């Protein structure tokens, strides 16, 4: 198995139909022991229990430095190491530029960008001690094309910031054999779009995608498994498009 005995943390991973949980399931299938981090209302312990007794769920808000550090210590106490961090937590809002309030900006930037930084800061010392590690950050096609289907400009800005942060960390920590990469999903058919797009609109979007369909959660999970494993051992600072060809340059 690609990730036998490795330990992976997934933020925002408790939603059973979400990208994080699909990734947790696939990482576990490849031998990883998984720690799912999420808000109390998302019930991360219950989500982890669905994967099996060797996995754990931890309540943590990625915008809170102390909670990120406490969650990391809990993982280290349980497993003794951290090999993979999937910075998956994020939120989106359908706003136009002139409608973005200060609270909107803070909410979106804090979870996607600050959360990626804080969780990375929390796990990096352990990875440095091990002289190994893989951090995968979730950006979005909206960061590359200047807007998405659902998220506002502040969402695009947050996800563009994630790309810059990941590349900078890749440069800084390469000497420690720590790889930092990003994925840029296109429109993925998960709960986040439920009720927000008609079937007709989904069909229109799919018709403009070379592979002719919206993405599935497992499409993202497979990309994360690749970046977490030794199959990508010479990849760092990479932005991996997972969007069916939506953004062919």
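Table for the structure above
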| quantity | calculated |
| --- | --- |
| Qualifying residue in region 19-31 (condition: touching a strand residue (DSSP E or B) at 6+ places or on another chain (Cβ under 7 Å), in contact (Cβ under 8 Å) with a residue 24 or more places away in the chain and within 19 Å of residue 158 (Cβ to Cβ)) | yes |
| Extreme residue, surrounded by the fewest Cβ atoms within 10 Å (Cβ to Cβ), among residues of region 198-234 that are modelled with pLDDT of 95 or more and assigned to a loop (DSSP other than H, G, I, E, B) | 234 |
| Check on residue 175, closer than 19 Å to residue 232 by Cβ, modelled with pLDDT of 95 or more and surrounded by fewer than 13 Cβ atoms within 10 Å (Cβ to Cβ) | yes |
| Unique match (being at pLDDT 95 or above and surrounded by fewer than 18 Cβ atoms within 10 Å (Cβ to Cβ)) among 237, 245, 195, 161 | 237 |
| Search result, residues across region 91-112 that are under 24 Å from residue 19 (Cβ atoms) and modelled with pLDDT of 95 or more | 104, 105, 106, 107, 108, 109, 110, 111, 112 |
| All positions within region 48-72 that are farther than 24 Å from residue 121 by Cβ, in contact (Cβ under 8 Å) with a residue 12 or more places away in the chain and out of contact with any helix residue (DSSP H, G or I) (no Cβ under 6 Å at 6 or more places or on another chain) | 50, 52, 54 |
| Lone unmet requirement of (1) closer than 20 Å to residue 222 by Cα; (2) surrounded by 18 or more Cβ atoms within 10 Å (Cβ to Cβ) for residue 189 | (2) |
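The values are calculated or read from the model by the stated rules, or taken from the named source; none is laboratory data. Here the structure is a predicted model, which is why all the values come from computation and not from measurement. Because the Cβ atoms are built from the backbone with ideal geometry, glycine has one as well, and the counts that use them run over all protein chains shown.
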